Amino acid sequence: MAKAVVRQANRSDVRKHTGFLRDGNYRWLWVALALCAVSIVAYLMIDVEPRPRGGTMYGYILGTIGALLIVWLSLFGIRKRVITNGVYSLKAWLSAHVYLGVSLLVIGTLHAGFHFGWNVHTLAYGLMVLVIVSGMFGAAAYTVLPRELSANRGETTQKQWLETIRSLDAQLRDAAQPLDRAEADIVRLSTEKTDIGGSLINRLTGQYGSCSTHRAVEELARMRRSLPQAASAAVDQVDALLKRKQETLAQARRQIRIKTFLEIWLYVHVPVTFALLAALTAHILSVFFYW
């Protein structure tokens, strides 16, 4: 009886930790594939010239499906504020959001009949593609990066990183007391200007060429070659503290870099979604009033 309870609990944990892409045994993947397959088969079975596009009955049907999907998908920002379970859980909705969103590439292209130009219709199509591509990047990021985030963080929180850096700065100031003026200036360079985040480019690339701590380590290594043996003990202590700070900064910056990749796609995805809705509205109005 106890073993059965344990097995049931384990199965429950597995279900609980299933990723959103695998939700319901890929239920929404199969729905999206079926929708794409039906659209492609219907397109191939229509034997007319010119080939069907937006202004035909086939085009209107696919256009209606595509427009409804776009509006429904754009509501995810509101839906994610409500947590529910089961078939209509937030995870299931996210799974549908991803797979049905990708299916729009097929539906939108067939709706246009591969006919594009310099007009509001192609603008709406281009914005749709940009929204989908940014969404695919976001889905990939949320599938892979959280594990890297957890592995890099370990048991350390951001607050603890900041406290460690402040503590190392205090130890560096004390350890620099016996040093000469030039050596003490190098330590002060590190303690007075510590930039953890940096610019957006710094956060995305993980490159901090102007890092004051990195420069201090290099300068001290260069200067210590000409230092007398008597000063080496104090310099060694400062060097060890600087390298500890450098390692702590590197770990904190890796965390920031991963979090930036997790968030930055939204700065494209969300604004372009609103632009898509505006272009979609213009597309629909122009079709009904000017065609």
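Each reported figure results from applying straightforward, stated rules to the coordinates on display, with no laboratory input. From a predicted model like this one, the values you see are computed outputs, not experimental measurements. For neighbour counting, all protein chains shown are included, and Cβ atoms are generated from backbone atoms with ideal geometry for every residue, glycine included.
Using +1 at the C-beta of Lys and Arg and -1 at the C-beta of Asp and Glu, which of Leu241, Ile256, Ser212 has the Cα lying farthest in the positive direction of the dipole of region 158-264?
Going by the charge dipole, the pick is Ile256.
Testing the spin-label approximation: label points 7 Å from Cα along Cα→Cβ at Val31 and Leu75. State their distance in nm.
My value for the distance between the label points is 1.3 nm.
Compute the FRET efficiency between Glu263 and Arg166 as 1/(1 + (r/R0)^6), taking r as their Cβ-Cβ distance and R0 = 35 Å, and round to the nearest 0.05.
The value I calculate is 0.85.
Only counting other Cβ atoms within 10 Å, I'd like Val270, Val120 sorted with the fewest neighbours first.
The fewest-first ordering by Cβ neighbours comes to Val270, Val120.
Show me 149-156, 272-279 ranked by packing, highest mean number of other Cβ atoms within 10 Å first.
Going from most to least packed, we get 272-279, 149-156.
Measure off 7 Å from each Cα along the Cα-to-Cβ vector at Ser286 and Arg22, then give the distance between these two points in nanometres to one decimal.
So the two model labels end up 4.5 nm from each other.
What do you get for chymotrypsin sites (Phe, Trp or Tyr not before Pro) in region 104-165 restricted to DSSP loop and a cutoff of at most 16 other Cβ within 10 Å of the site's Cβ?
Numbers: sites: Phe114, Phe116, Trp118, Tyr125, Phe137, Tyr142, Trp161; in loops: Phe114, Phe116, Trp118.
When the chymotrypsin sites (Phe, Trp or Tyr not before Pro) of region 104-165 are filtered for loop state and at most 16 Cβ neighbours within 10 Å, Phe114, Phe116, Trp118 remain.
Step through the residues of region 141-157 one at a time and calculate ³J(HN,Hα) from phi using the Karplus curve (6.51 cos²θ - 1.76 cosθ + 1.60, θ = phi - 60°), rounding each to whole Hz and writing x for Gly and Pro.
So the J values, rounded to whole Hz, are 4, 6, 7, 9, 5, x, 5, 5, 4, 5, 5, 6, 6, x, 9, 9, 9.
Checking a compactness column here: for region 158-264, what do you get for Rg(Cα) / (2.2 N^0.38 Å), N being the number of residues?
So region 158-264 has a normalised radius of gyration of 1.14.
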